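Undergrad: Sharing a structure, written as structure tokens. Questions coming.
The values are calculated or read from the model by the stated rules, or taken from the named source; none is laboratory data. Keep in mind that this is a model prediction, so the values were computed, not measured. Please note: Cβ atoms are built from the backbone with ideal geometry, for glycine as well, and neighbour counts cover all protein chains shown. In case anyone asks, the SASA skips ligands and DNA or RNA and just uses the protein heavy atoms, side chains included. Shrake-Rupley method; radii C 1.70, N 1.55, O 1.52, S 1.80 Å.
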Amino acid sequence: MSEGQRQDIRGNQLLGALEPDAGKRIAAHLEPVKLKLGAIVCDAGGLLKHAYFPQGAVLSLLTVLEDGSAIETANIGREGAFGLFAAMYSRVSFNRCLVQLEGNMVRCPIEYLHAEFNRSEHVRDLFVSYSETLLSQIQQTVACNAMHTTEERMCRWLLMMHDRAEGEALPYTHEFLSHMLGANRKSVTLAAQSLQTAGLISYHRGKIRVLDRSGLEKASCECYAIVRERFDAFLTPPSTAVQGNTKRRGKN
């Protein structure tokens, strides 16, 4: 395996946790993907031929309603992948997936991931653990959208993006935020003004910068901390794991 292929694996946490043999086989089929902010990776109901592994990019999963409106229910950074559910069975995306933050990303044809899933118990455990964790994010986001204020939800969303952008300014307009949060433009603008007045963020010409990280965490609802804790732990199987598989999944 070349140095470039090793870097492809290490740039994504899920790929980096694969067993060496599985990692080598999958690395041989990875190809880089460059997509612009807002580009659609796959629409709801679309047939997936690849799974996508961000290495700096962030993907957004949107639930699309009959009238064409959509709301974000999860986002995926370098910790995970889009398309693993489809790789295991249906090959159909239930969500619209779009690029929420530009950056590096690789993809792998689904048939090779499916083959590794069938071949290796380790890969099955890893993919199921990640999929279960992503589902928990979706469930938490649904509850957050229903129960918490626009300002709290904006704090949660900005913290998640701040983690993925590694401290860089976030290139988002109020219009884009209103679509992601499922909130009207006016409430998003008022929430952003409130956070800026409190000195937590600055906003200028479509660029949002986090100024007070700890203050933003205090202003957020509990959902950010809950989701982050779950993703921090998904590589460590719980003591209750099926078949006693409690050994931490290492990185190659």
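Undergrad: Less than 17 Å from a label point 7 Å out along the Cα-to-Cβ axis of residue 149: which backbone N atoms in segment 189-230 qualify, by residue?
TA: Flagged as within label range: 189-201, 215-224.
Undergrad: Which of 114, 53, 234 sits closest to the plus end of the dipole of the chain, meaning its Cα is farthest towards the positive end, when Lys and Arg get +1 and Asp and Glu get -1 on the C-beta?
TA: So the residue we want is 53.
Undergrad: Please label the shape of segment 134-194 as rounded, prolate or oblate, based on the square roots a ≥ b ≥ c of the eigenvalues of the alpha-carbon gyration tensor (a/c under 1.5 means rounded; beyond that, a/b larger than b/c means prolate, else oblate). Before the final figure, lay out each step's value.
TA: Numbers: a/c = 1.88, a/b = 1.07, b/c = 1.77.
Oblate shape, in that a/c is at least 1.5 and b/c is the bigger or equal ratio.
Undergrad: Could you tell me the center-to-center distance, by alpha carbons, between segment 57-75 and segment 180-244 in angstrom?
TA: One Cα centre to the other: 17 Å.
Undergrad: What are the ³J(HN,Hα) values, in whole Hz, obtained from phi via the Karplus relation 6.51 cos²θ - 1.76 cosθ + 1.60 with θ = phi - 60°, for each residue of segment 52-66 in sequence order, with x given for Gly and Pro?
TA: Result, ordered by residue: 10, 10, x, 10, x, 6, 10, 9, 10, 9, 10, 8, 9, 9, 4 Hz.
Undergrad: Still on this structure: Please work out how much accessible surface residue 163 shows to a 1.4 Å probe, ignoring ligands, DNA and RNA, in Å² rounded to 10.
TA: We get 60 Å² for residue 163.
Undergrad: Now for a different question. To the nearest 20 debye, what is the magnitude of the charge dipole of the chain about its Cα centre, counting +1 on the Cβ of each Lys and Arg and -1 on the Cβ of each Asp and Glu?
TA: Numbers: 29 positive and 27 negative charges, 74 e Å.
The dipole of the chain has a size of about 360 debye.
Undergrad: If the only charges are +1 at each Lys and Arg Cβ and -1 at each Asp and Glu Cβ, what is the size of the charge dipole of segment 106-205 around the Cα centre, to the nearest 20 debye?
TA: 400
Undergrad: Follow-up question, since we're still on this one. Using only C-alpha atoms and all pairs of different ones, pull out the Kirkwood radius for segment 72-155 in Å with one decimal. Before the final figure, lay out each step's value.
TA: Values: mean 1/r = 0.0687 Å⁻¹.
After inverting the mean inverse Cα-Cα distance, the result is 14.6 Å.
Undergrad: Let me ask another. Around residue 75, which amide H atoms from residues at least 5 apart in sequence, or from another chain, sit under 5 Å from its own amide H, with H modelled in the peptide plane?
TA: Those qualifying (amide H under 5 Å, at least 5 residues apart or on another chain) are 61.
Undergrad: Which of 147, 180, 105 moves the most in a Gaussian network model of the chain with Cα springs under 10 Å?
TA: Looking only at 147, 180, 105, the largest GNM fluctuation is found for 147.
Undergrad: Moving on to the next point. How much accessible area per residue does the chain have, in Å², with a 1.4 Å probe? Could the numbers behind the result be given before it?
TA: Numbers: 12290 Å² over 252 residues.
Dividing the accessible area of the chain by its residue count gives 49 Å².
Undergrad: Follow-up question, since we're still on this one. On the first, second and third principal axes, largest extent first, how far apart are the outermost C-alpha atoms of the chain in Å?
TA: 54, 37, 36
Undergrad: If you don't mind, another one. Mind telling me which of 151, 175, 72 comes out most flexible in a GNM of the chain, alpha-carbon contacts under 10 Å?
TA: 175
Undergrad: If you place +1 on the Cβ of every Lys and Arg and -1 on the Cβ of every Asp and Glu, how big does the dipole about the Cα centre of segment 47-164 come out, in debye to the nearest 20? Before the final figure, lay out the partial values.
TA: Working: 10 positive and 13 negative charges, 58 e Å.
That gives segment 47-164 a dipole magnitude of about 280 debye.
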